[in-house]
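What follows is a short report on a single structure.
What follows draws every value from the coordinates through simple rules; no lab data is involved. As the structure is a prediction and not an experimental result, all values here were calculated from the model. In this analysis, Cβ positions are derived from the backbone assuming ideal geometry, glycine residues included, and neighbour counts consider all displayed protein chains.
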Amino acid sequence: MKMFSMQLVRGTAVSILVLGMGAGAAYADDTMSLGHKTQQDAKAAVATDLPEMSAEMDADLLVIHHQYMDAVEAFRRIKPQTAEIYNKIGMAYEHMQNDEDAQSYYMRAVKADGKFADAYNNLGTVYYRQKDYRQAESMYRKAIKLHNRNASYFSNLGTLYIAKGRYRDAAEEFQRAFLLDANIFQEVSLRGIRDPGSEDDLAKMNFCFAEIYAQAGMKTQAVVYLEKAVALGFRDKEGLAQNPEFASLHDMPEFQQLVANHPR
């Protein structure tokens with residue numbers, strides 16, 4: 001597979017970083033699955049101390065409803081303080097953009113359990129935002145060494161390589177992520193932490209995702225990501241019409257229209 005064939009321009013990379021949540025955590029915006037529709041419901045559940053809900057689940061619920069400081073206090077009351085609890089406290093601080101405390105708790109997590117891959121991954125996200133790419137890469141690689149079946153870790157490493165201008169390496173990591181989880185490129189936007197970055201880099205990243213989907217025969221998804229790339233400013237008509245990765249898309253009206261309307 002010819003990956004990331006276009007010439008990329010070095011710039012500020014967009015960050016789409018996926019946090020490792022640890023066992024038992026499933027943070028998402030869809031709170032209906034937990035039976036609570038509002039923040040008031042979440043507080044009521046914690047206040048009534050329902051016997052079927054553990055203290056950790058109560059704290060998780062506060063995170064889901066973006067009540068991060070309350071979640072931190074709830075997690076701190078849990079005894080004993082395990083690596084997973086330290087990791088979740090770190091995540092709550094990271095959601096509040098408090099990297100100093102996030103980093104501190106992630107480091108506590110790895111000290112408590114040196115084989116806890118999620119905490120290494122999350123340390124990588126902090127170092128990434130601090131532009132300490134050497135440390136970030138080291139943390140991502142430790143996470144992958146401990147658990148090489150987590151697509152998020154490879155996706156984060158790919159994002160790091162975009163920032164470092166190592167575009168072919170980035171494409172390879174994105175490919176590894178995709179092979180582990182075909183929905184990873186959709187999930188990062190739902191579960192990840194985003195930092196402001198260059199639209200040009202994000203456009204090229206979406207172009208890369210489109211190549212991967214096209215190669216996998218997922219034509220609709222490929223066109224969707226091409227449309228995203230174009231909307232963000234991708235300007236290489238020949239990259240669309242002549243790229244061999246997109247040969248299978250040529251008979252699709254959506255692709256034909258995209259090429260016809262796409263400026264050079």
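At-a-glance table
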| read-out | value |
| --- | --- |
| Residue-by-residue Karplus 3J(HN,Hα) for segment 149-163, coefficients 6.51, -1.76, 1.60, Hz, glycine and proline x | 10, 9, 4, 4, 5, 5, 4, 5, 5, x, 4, 4, 5, 4, 4 |
| Under-5 Å amide H pairs with residue 17, H placed in peptide plane, nonlocal only | 193, 195 |
| Segment residue 149-residue 134, length gained on full extension (0.36 nm per residue, minus Cα span) | 3.1 nm |
| Distance between modelled label sites at residue 254 and residue 77, nm, 7 Å Cα→Cβ extension | 4.8 |
| Cβ-defined net charge surrounding residue 81, 14 Å radius [Lys, Arg +1; Asp, Glu -1] | +2 |
